[in-house]
Structures are given as structure tokens and as C-alpha cells.
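The values are calculated or read from the model by the stated rules, or taken from the named source; none is laboratory data. In this text the structure is predicted, and so the values were computed from the model without any measurement. Here the Cβ positions follow ideal geometry from the backbone for every residue, glycine too, while neighbour counts run over all protein chains shown.
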Amino acid sequence: MRDREEGPQLNLLQRFSDAFLKDINLGVLLISMDFTLADVSDRATQILGMDREHILNKSLDEIFATVPSQHKLVQRTVLHGAVVRNHAVSWTNNMERFELLLDSNVLKDSQGNIVGAYVIFKDVTNMRSLEEMVQRSDRLAMIGQIAAGTAHEIRNPLTSIKGFLQVLRRTFELQGMNKEQSYTEVMLEEINRINELVNEFLLLSKPKHVSYERIDVTEVLRGILPIINNEAILYSVHLQYEASSHLPEVIADRELLKQVFLNICKNGIEAMSDGGMLTISEKVDIVDRNVCIDIHDTGSGIPMFVIDKIFDPFFTTKDTGTGLGLSVCQRIIHDMGGTIRVSSKGFGTTFTISIPYA
Ligand SMILES: Nc1ncnc2c1ncn2[C@@H]1O[C@H](COP(=O)(O)OP(=O)(O)OP(=O)(O)O)[C@@H](O)[C@H]1O
Ligand SMILES: [Mg+2]
């Protein structure tokens, strides 16, 4: 029994712990000795996507039964005194991914006997994605440097091979050696493919002849609509363009901007092998002063475990893909001071390209 004097103090502690579980922006799990959940904070129930009534006093084995062990927020060892500090865990709830930082420890009574344990976690999703962006742009910069050097070294010999092949082709033609002439044609086509790849490589490093000017995004999109439509027809995809009137102008390189839209539309179309709808729409974000272009497809969507990688150079899930498309787009938009975001929840995918307006 507690002394009378401890009354008000206890009251204050009780109030604090109540407030802690209700208001504070932290996930808290209190665990009893029998590995059941004794209490849980409101924020934890939100992140976990579980009802308090459903999980209170339930065994944690049962609560996390469907979760792979590396994503479990509570391990049984916590009751054996295993202390955890700043442990990073990813948690997925209803297709939304949370990056959590987790602390846990035991609770002891005055004799030092373990009577339970607690787990406290903080949602650091935004911080983590910033960190990833920094890492990604570091990696891109490095790949860019290597690419620039390599591309240059590949191009020079290619030019002379191409030159001599053209001479050979002409000779074969003059001598009526049709078979040999057709071989040289195949070789020249293949060389052109290598050249195109090298060009993309060079774009990754630093676009060479960038000319920034005031650009009307609607006009750029209208200009490339026929090209996108041609591609769409091949895949039985319907194309819909929702232009918005009076978009503010952006400062960008026209050709590069076209390339970004084409790449992302092409990806969308390629994701709809059984047909579907590609929708391009525009809006203005007055708060952040951006022009935003949404490119939405009704395709297969992007699995959670893939979505982090799609902007990495050479990441592809396609047999004939180079995996450079999105990393080049990212580079181009990044250089304009904009961002590309992707959301793929449930059905289809939306890429949002935001570019600051003039
Ligand atoms: N709209 C989309 N729907 C589904 N998956 C997509 C979509 N856009 C991109 N992806 C995924 O991202 C990966 C990387 O795309 P990226 O454009 O960088 O390369 P790629 O399309 O595979 O190759 P390339 O662009 O060189 O032809 C794709 O292989 C695909 O798995
Ligand atoms: Mg692509």
C-alpha cells in the first residue's frame, strides 16, 4: 500500500501515463509477463491499423501472427531483458509503408524482478525517405561520372567501326554481294542501338546542351500527344488528356521535358499489356508553387518491394528494358528543381511530376 503523501504524486503520474498513451505522437506497447498486450497508445493503433478493443489483452504472437519475423515490432526476448535501441523496422498497413524507429526494455518492480516490458516507436518515414533521396542522388552522381567516361570511350571506336562498315556496305553493294550487304546493314543497326544507349548514358551524367527557357507545359504535352497515342494504339490503350487552362509557365529544357513525359507514358502503356487507360492531367500547386502533371495508368501497379528501386539506374523488370528510363527522368526533373513521385496503391500507378513555376 502506498502512503497518503504519495497520493497526489501518483495521481500526476497516472495522468501523465494516460496522456502519454492518448495524445503523444509515439507508438507505445505495454507488455505483460504472459506476453499479452496490457495497453497501447492511440498512435500505435493508427500505425498498426488495428482496433484497440481487438488487440488489448491478446497474445502478441496472435496479434503479429501474419507478420514476417523481421517486421515484428515485439519479440518474446523483450521479456528476457533484451534491450533494443533505435532499431529500424518497416511496417506496412493497408498498402502504406511506415519506417519506424523502435526502443524496448523491461519494466521491473522495486525488488528488481521483471514484471513486464514496453516498446516505444516513432514514425520516421519522412526522415528515412529524405535519407534515401540523398543516398540515391549520391549514387546517381557516381554512376554519372563513370557513365560519362565510359560513354565517351565507347563512342569513339564505334564511330570508326561505323565508318568502315559503311565503306564495306558500299563495296558489297557495288559487287552485288547481297548477302554480305545485308549483314553489314544488321551490324549498322546494332551499332545505332549501342549509340542510343550511350546517348542515354550521357544524359545520366550531365545533359550537354541544356537550354532553359519559359515553357508552357500544356503546349509541350499537346505536341507529343500523337507519339504517345501511336504507342498506346499498339497496346490497345486509350489515351485521355485533361488539359488545365492557364497553367503558369515553367523554366525547363523543352526536349528534355518531352523525354520525361514520353518515358513515363511509355512505362504506363507498357504496364497495361491487356489494354487500359492512360490519363494525363495537369494542376497547379499554389502552396509549393509547382505545376504538377499526373500520369496515371490502370496497369498492373508496382509491388511494394519494387517501388523503392524503380528510380535506380539499371533496375528493370522487363526482358528488353535498360532500366535507365526513370533514372534519366529523375535526373532531368531534379536539375529543373522539381520532383517525381510515384504512388501505386491497389489498382494502377500514378507518376506525379512537379516542376516549380517561373
Ligand atoms: N507505370 C508503371 N507500372 C508498373 N511498373 C512500372 C511503371 N513504371 C515503371 N515501372 C517499373 O519500374 C521499372 C523501371 O522503369 P524504367 O523506365 O527505369 O526502366 P524500364 O522501363 O524497365 O526500361 P527502359 O525504360 O529502358 O525501357 C520497370 O521495369 C517497371 O518494373
Ligand atoms: Mg521505361
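Whether any residue in segment 13-20 is at pLDDT 90 or above and either surrounded by 11 or more Cβ atoms within 10 Å (Cβ to Cβ) or in a helix (DSSP H, G or I) (or both) is what I want to check. Within segment 13-20, none of the residues are at pLDDT 90 or above and either surrounded by 11 or more Cβ atoms within 10 Å (Cβ to Cβ) or in a helix (DSSP H, G or I) (or both).
Of all the criteria given as (1) among the hydroxyl-bearing types (Ser, Thr, Tyr); (2) modelled with pLDDT of 90 or more; (3) touching a Leu at 6+ places or on another chain (Cβ under 9 Å), the one not satisfied by Thr125 is (2). Restricted to segment 214-248, and to residues there that are part of a helix (DSSP H, G or I) and of a type in the set (D, E, K, R), the residue that is nearest to Gly338 (Cα to Cα) is Glu219. Within segment 288-311, residues that are without any contact (Cβ under 8 Å) to a residue 60 or more places away in the chain have Cβ atoms under 6 Å from residues that are more than 11 Å from ligand 1 (Cβ to nearest atom) in these pairs: Asp294/Ser281; Asp294/Thr352; Ile295/Ile280; His296/Thr279; Thr298/Met277, counting only partners at least 6 apart in sequence or on another chain. Taken over segment 36-77, residues that are surrounded by fewer than 17 Cβ atoms within 10 Å (Cβ to Cβ), more than 23 Å from Val124 (Cα to Cα) and not β-branched (Val, Ile, Thr) amount to 11. Within segment 298-326, which residues are closer than 16 Å to Glu200 by Cβ, more than 7 Å from ligand 1 (Cβ to nearest atom) and charged (D, E, K, R)? Scanning segment 298-326 gives a single hit, Asp312. Name the pairs: first residue in segment 321-333 and free of Cβ contacts under 8 Å to residues at least 12 places away in the same chain, second residue within 6 Å of ligand 1 (Cβ to nearest atom), Cβ to Cβ under 8 Å, at least 6 apart or on different chains? Listed by first residue and then by second, the contacts come to Gly323/Phe315; Gly323/Thr316.
Scanning segment 249-296 for residues that are among the small types (Gly, Ala, Ser), assigned to a loop (DSSP other than H, G, I, E, B) and more than 16 Å from ligand 2 (Cβ to nearest atom) yields one hit, Gly275.
What residue, among those in segment 299-349 that are away from ligand 2 (no atom under 16 Å from the Cβ) and assigned to a strand (DSSP E or B), is farthest from the chain's Cα centre (by Cα)? Write out each step before concluding.
Within segment 299-349, the subset away from ligand 2 (no atom under 16 Å from the Cβ) is 303-305, 308, 334-339, 341, 343, 345-348.
Then keep just the ones that are assigned to a strand (DSSP E or B); that gives 339, 341, 343.
Numbers: Thr339: 11, Arg341: 7, Ser343: 8 Å.
Top of the filtered list is Thr339.
Within segment 147-169, restricting attention to residues that are surrounded by 13 or more Cβ atoms within 10 Å (Cβ to Cβ) and among the aliphatic types (A, V, I, L, M), which residue is nearest to Ile310 (Cα to Cα)? The qualifying residue nearest to Ile310 (Cα to Cα) is Ala147. For segment 228-242, a residue qualifies if it is surrounded by 14 or more Cβ atoms within 10 Å (Cβ to Cβ) and either closer than 26 Å to Asn290 by Cα or aromatic (Phe, Trp, Tyr) (or both), and the qualifying residues are Ile228, Tyr235, Leu239, Tyr241.
Number of residues in segment 65-100 that are in contact with a Leu (Cβ under 7 Å, 6 or more places away or on another chain) and either at pLDDT 85 or above or of a type outside the set (S, T, N, Q) (or both) equals 8.
Scanning segment 327-337 for residues that are in contact with a strand residue (DSSP E or B) (Cβ under 9 Å, 6 or more places away or on another chain) and more than 8 Å from ligand 1 (Cβ to nearest atom) returns Gln330, Ile332, Ile333, His334, Met336, Gly337.
Where in segment 29-136 are the helices (runs of 4 or more DSSP H), entirely inside, with at least 2 residues that are over 29 Å from Arg15 (Cα atoms) and acidic (Asp, Glu)?
Working: elements: 42-48, 52-55, 60-63.
Once the helices (runs of 4 or more DSSP H) in segment 29-136 are filtered for at least 2 residues that are over 29 Å from Arg15 (Cα atoms) and acidic (Asp, Glu), what remains is 60-63.
Under the condition of being surrounded by fewer than 16 Cβ atoms within 10 Å (Cβ to Cβ) and not basic (Lys, Arg), the residues counted in segment 108-124 number 7. Scanning segment 238-290 for residues that are more than 23 Å from Lys318 (Cα to Cα) and among the hydrophobic types (A, V, I, L, M, F, W, C) turns up Ala243, Leu247, Val250, Ile251, Ala252, Leu256, Leu257, Ile280, Val284, Ile286, Val287.
Would you check if Val291 is more than 8 Å from ligand 1 (Cβ to nearest atom), β-branched (Val, Ile, Thr), under 18 Å from Cys265 (Cα atoms) and out of contact with any Cys (no Cβ under 7 Å at 6 or more places or on another chain)? Yes: the conditions hold for Val291.
For segment 212-268, residues that are out of contact with any helix residue (DSSP H, G or I) (no Cβ under 9 Å at 6 or more places or on another chain), among the hydrophobic types (A, V, I, L, M, F, W, C) and within 16 Å of ligand 1 (Cβ to nearest atom) total 0.
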